[in-house]
Every structure is written in structure tokens, then in C-alpha cells.
Amino acid sequence: MTPIDMPLDYCTSIVYWSLGVVATGTVESRVEEFDNTDVGLYKWRDMLDLLGFHDTKIMLAVGGYSQESAFFSRLGKDPSAMARFVTSLMEIVSKTSANGILVDWSEPEPGCGQRDDRTTLSLLVDTIRRAYRVSGAVAGSAGIAVVISANLTVAEQMIDAGGR
């Protein structure tokens, strides 16, 4: 589905959910062949503007698969992987003129999570936030959101710690 197919009169934001984190720590499209078409992700802002929906926000979702949880966990232990993650994410934000980022941290596969995943998630969000501000992407942005599976230990820890 592209912006042309959406009921844009009712949409204040569009969440594009096809970005994943890979073993190297970088963010990559799961559907690169679509993203590079005339109606793909990299053309969405142009399409929205052409259709007169200049205020509709584009949020980029990254993650969402339990297989990626190990890669998210690793970011907290490997500063260079964290840097690669944030750099590659911000490159996509820039190329797509996205207004926000949604981190979808899913339940880890058995044995893949780390004891300090809560700290890693907090560090990840803070690092993205800093990069977002430095990039100048904050003007007119939708910000950064985090989605955590309800049955995740990290979610319980975040709630117990007052959301941080």
C-alpha cells in the first residue's frame, strides 16, 4: 500500500514497518526492491506533498521480529554496532524525509535476551534521540516511539522503573 491508496484525510501519521536490524548492527529494508520503486518508501514524502498532505507524518518502524532481539541486545555491548545502527537509521530518515522513528523491541528468542536489555533499550533511545537532534530532523517531527511486547521482561522492568 502506498500513500496514494490510503485514506489520507484520516491519517495524521503513517508508520512504515519494513526496516530491520541485522547482525552487523545496521538497519536495512526488508523490501529494498519495493522501496526503490516509483511508489516506494523513498518517494512517499514527494507523493504526500503532491497530494496536498504536507502535514502527514512518516514514521519509520525498525524491528518487530523476535529474531532481531539478539541484535538489539548486542547494541548495548558493542558501541561500534550502536554507532552503525544509528548512522544507518539516520541515513534512511534523511533519504525518506521521515518525521519519526518507532523502535519495535519484540520478545527475544529463548537464550537471546540479555540481563541488561532495559539499559540497552534506554541507551538506544537516548542515542537515537541525540542523533535525531543533531541531524536537524526534529523540526516538525513526530519524535521517537518505542513498542515493547507486553510479555517482555524488558517491558516489566521499564514499567517498574517508571518508564525509563
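The values are calculated or read from the model by the stated rules, or taken from the named source; none is laboratory data. Not measured: the values here are computed from a predicted model. Ideal geometry is used to build each Cβ from the backbone, glycine not excepted, and the neighbour counts take in all protein chains shown.
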Considering region 50-64, residues that are on the phi > 0 side of the Ramachandran plot and touching a residue at least 12 places away in the same chain (Cβ under 8 Å), and then whichever is surrounded by the fewest Cβ atoms within 10 Å (Cβ to Cβ), we arrive at Gly64
Reported set for region 65-93 where residues are under 19 Å from Arg118 (Cβ atoms), polar (S, T, N, Q) and surrounded by fewer than 19 Cβ atoms within 10 Å (Cβ to Cβ) is Ser66
Matching residues in region 1-15 (outside any helix (DSSP H, G or I) and either exposed (fewer than 13 other Cβ atoms within 10 Å of the Cβ) or over 16 Å from the mean Cα position of the chain (by Cα) (or both)) number 6
Can you confirm whether Gly40 is modelled with pLDDT under 90 and out of contact with any Ser or Thr (no Cβ under 6 Å at 6 or more places or on another chain)? yes
By residue number, the members of region 16-49 that are free of Cβ contacts under 8 Å to residues at least 60 places away in the same chain, over 18 Å from Ser94 (Cβ atoms) and part of a strand (DSSP E or B) are Gly20
When region 52-83 is checked residue by residue, the ones that are out of contact with any strand residue (DSSP E or B) (no Cβ under 9 Å at 6 or more places or on another chain) and of a type in the set (A, V, I, L, M, F, W, C) are Phe53, Ala70, Ala81, Met82, Ala83
Discussion item. Yes or no: region 122-137 includes at least one residue that is polar (S, T, N, Q), surrounded by 15 or more Cβ atoms within 10 Å (Cβ to Cβ), modelled with pLDDT under 80 and not in a loop (DSSP other than H, G, I, E, B).
Written reply: no
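For the subset of region 16-49 comprising residues that are acidic (Asp, Glu) and surrounded by 14 or more Cβ atoms within 10 Å (Cβ to Cβ), which member is nearest to the chain's Cα centre (by Cα)?
The initial filter retains those residues of region 16-49 that are acidic (Asp, Glu), namely 28, 32-33, 35, 38, 46, 49.
Going one step further and asking which of them are surrounded by 14 or more Cβ atoms within 10 Å (Cβ to Cβ), we end up with 28, 35.
Values: Glu28: 11, Asp35: 16 Å.
By that ranking, first place goes to Glu28.
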Of the residues in region 58-68, those that are at pLDDT 90 or above and either basic (Lys, Arg) or in contact with a Pro (Cβ under 8 Å, 6 or more places away or on another chain) (or both) come to none
Exactly one of Ala150, Ala161, Ala155, Ala98 is surrounded by 15 or more Cβ atoms within 10 Å (Cβ to Cβ) and modelled with pLDDT under 75, and that one is Ala155
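Any chance you could count how many residues in region 75-85 are over 11 Å from Val22 (Cβ atoms), touching a Gly at 6+ places or on another chain (Cβ under 9 Å) and either assigned to a helix (DSSP H, G or I) or free of Cβ contacts under 8 Å to residues at least 12 places away in the same chain (or both)?
Going through region 75-85 one residue at a time, the tally reaches 4.
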